[in-house]
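Okay, so here's the structure we're looking at.
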Ligand code: ZN
Ligand code: ZN
Ligand code: FE
């Protein structure tokens, strides 16, 4: 049979994931000649041989791909035969356009772990063992195409043994760019609290000893430093908390195996699958009581955030411990430290010892955090393991750089039909985070080769991202309303063009009337929205201060419901508060000093949490609302009444009757669990009924839920059930967070749609 030759371009995540050795072996098995090389689009292949074998080859390309590869497109075209019978791997070639997708960082594989614990292996106990199926990627890459000299491994010259593996297409380490061994690769060092190296044969054993003594260890990981402490040792955890100035927020823990996790958490099979996935996120699990963990790891919390070890170093460190606290190596509110010297300086007084190494991290990446919704993980913080995998959009659009929001910031860059949402950047409230924000943008632009056509920003005039956008003149700036961006972020990952009924419920977002929104019913498509309804306005006493102090919101809603009689109520909330403070805030409310109006559902949750005695002052963002959800038992509750009126053509959901009924329950001494249950049921019913009225009026039957309030699963599940029972289609998002971490995606798609619309 006559030979044919075919050129094949493969797009997707095909570099640095063992794709070339896989293709090499496939071609040899089928007796085909030709070559493969990485290029900036992905990989380029030419094969030559019998027509049937070439057909089998194309099928194999789609069906037998290595575990980390993700093929998004295969194009083939015929060529003239050259009579080539051998198959080779060619050196990479840099092209002008760069659309090759970069793999995220991946947990160490079982093969590498087995070698690391094998005393006869040349990498026995070597903490940087990796292969084409595992190891660092995104955090060590400086440019594309992905080759060793474009990574932080470039300073380590491979020894002959490593070079032989690297060059052997039959080896698991063929072209594994971070390939290394104890002879030629990175090394760990233990530093004392002042940053001086401690001469030890086995620095890891020294670090383990420090942990056993109850000390706090800073560990350099994949995307940055962790602070580690023995999770069973309450004194060690207390030290870590006081050093880090993190008194209450739950701390994540890490274990090496599922059996250990099962001793302190109740897991479902789906949760275990996600825990063991190559991304290794922190999964929020139901905590067991009693628990072998110290109670101050996650105080007053029904949940525990746990992850499985994902670097070889973690496995060596954790062998003696069922669980270590592993929390970001930073002061609260600052970005995670990545550089050795930087860590020693910034974590001075926080860590007792530092376990560092000399493989540089180029881009800091926090641990991702997910919570399961049935079988599917929902992102709470999307970072390591997921970035830079794109969200695929329903259509190509002009390239946009979206700057995100203020808290839980991420940025998003789009190219054609791909949206690259950055890792969690953090709260843009200090200089260090702002620098990291800049660096992330520059880095993503370089490795993705994106020249944005426009910038997208939030409407809030005080956000740092707004100031950044307005301080430049090169690019057009498109403002996107906060809650519209939330809704579009969900539409984008769901592939919806709209119009839909967008239900955006969160803490705070700047409204187009200058007030603070957060309980919004929008008729939304990608480019625009109309506000069809909202939660009634209440005074936000003292602005931002009311967000940190839920008791102020409680007073505000009491005022709304009872007017001047609010102070005569016989409820523990008022007995607890200082009368002078109460008087002062009531003045602030009456005169609206420094106090915008807010339609935020998050603030109503805060107010109720304070009223029923869960939390008067929040130790971290969203704490009061989270405690209210945790106080809600399973089961059916009789909902409080909400009134819904129509004002100037908009539906306004009014909580006055609800507050009055709740106060009656408080006066009657009802349990807070019951009140929380009735409150959740009331919010679900009010949102569902209003949505149904909007659906009847507009004819729209698809409802999209987004915004931080929908991290509350009682609310989200209950509302989706109510809407679906009524015959509507109700959807929410999973790939990017419903909280402000997802805003950048919505901004980017909205701005893209407006440019497409303007071009028509
Ligand atoms: Zn491996
Ligand atoms: Zn070596
Ligand atoms: Fe928001």
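Every number in this text was worked out from the coordinates using simple rules, so none of it is lab data. This one's a predicted model, so the numbers in the text were calculated from it and none came from an experiment. FYI the Cβ positions are ideal-geometry reconstructions off the backbone, even for glycines, and counts take in every protein chain you see.
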- Length gained, residue 341-residue 289, 0.36 nm per residue minus C-alpha separation, equals 14.7 nm
- Got a sec? How would 534, 226 order by Cβ neighbour count within 10 Å, fewest to most? 534, 226
- Just report the Cα centroid separation between segment 369-440 and segment 231-253, whole Å. 28
- On a C-alpha basis, how far is the centre of segment 467-491 from the centre of segment 124-187 in Å? Whole number, if you could? 40
- Item | Quarter of the Cα convex hull surface for segment 671-749, i.e. its orientation-mean projected area (nm²) | 6.0
- Label-point separation, residue 473 to residue 155 (7 Å along Cα→Cβ), nm: 4.0
- Message: Can you compute the FRET efficiency between residue 300 and residue 593 using 1/(1 + (r/R0)^6), with r the Cβ-Cβ distance and R0 = 30 Å? Round to the nearest 0.05.
- Response: 0.35
- Item | Footprinting exposure proxy for 64, 474, 44 (fewest neighbouring C-beta atoms within 10 Å first) | 474, 64, 44
- So, how do all the Cα-to-Cα distances of the chain break down into 20 Å bins, in percent, from 0 on up? 16, 46, 31, 7, 0
- Message: Ignoring solvent entirely, what values of log10 I(q)/I(0) come out of the Debye formula for segment 103-186 at 0.24 Å⁻¹ when each Cα is a single scatterer?
- Response: -1.31
- Task: Can you put 220, 591 in order of Cβ neighbours within 10 angstrom, beginning with the fewest?
- Result: 591, 220
- FRET efficiency, residue 268 to residue 238 (Cβ-Cβ, R0 45 Å, nearest 0.05): 0.90
- Query: Per 10 Å bin, what is the whole-percent P(r) computed from every C-alpha pair distance within segment 297-410?
  - Reply: 9, 32, 37, 16, 5, 0
- Task: State the Cα centre-to-centre distance between segment 568-600 and segment 551-567 in whole Å.
- Result: 6
- Item | Rounded if a/c under 1.5, otherwise prolate or oblate - segment 535-680, Cα gyration tensor axes | rounded
- Taking the Cβ-Cβ separation of residue 569 and residue 333 as r and a Förster radius of 35 Å, what is the calculated FRET efficiency to the nearest 0.05? 0.45
- Message: Could you work out how much longer the chain between residue 497 and residue 416 gets when fully extended? Use 0.36 nm per residue separation minus the Cα distance between them, nm to one decimal.
- Response: 27.5 nm
- Contour minus Cα-Cα span, residue 430 to residue 348, at 0.36 nm per residue, comes to 27.6 nm
- Please determine, in degrees from 0 to 90 and to the nearest 10, the orientation of helix 656-667 with respect to the longest principal axis defined by the Cα atoms of the chain, where the helix direction is its Cα long axis. 80
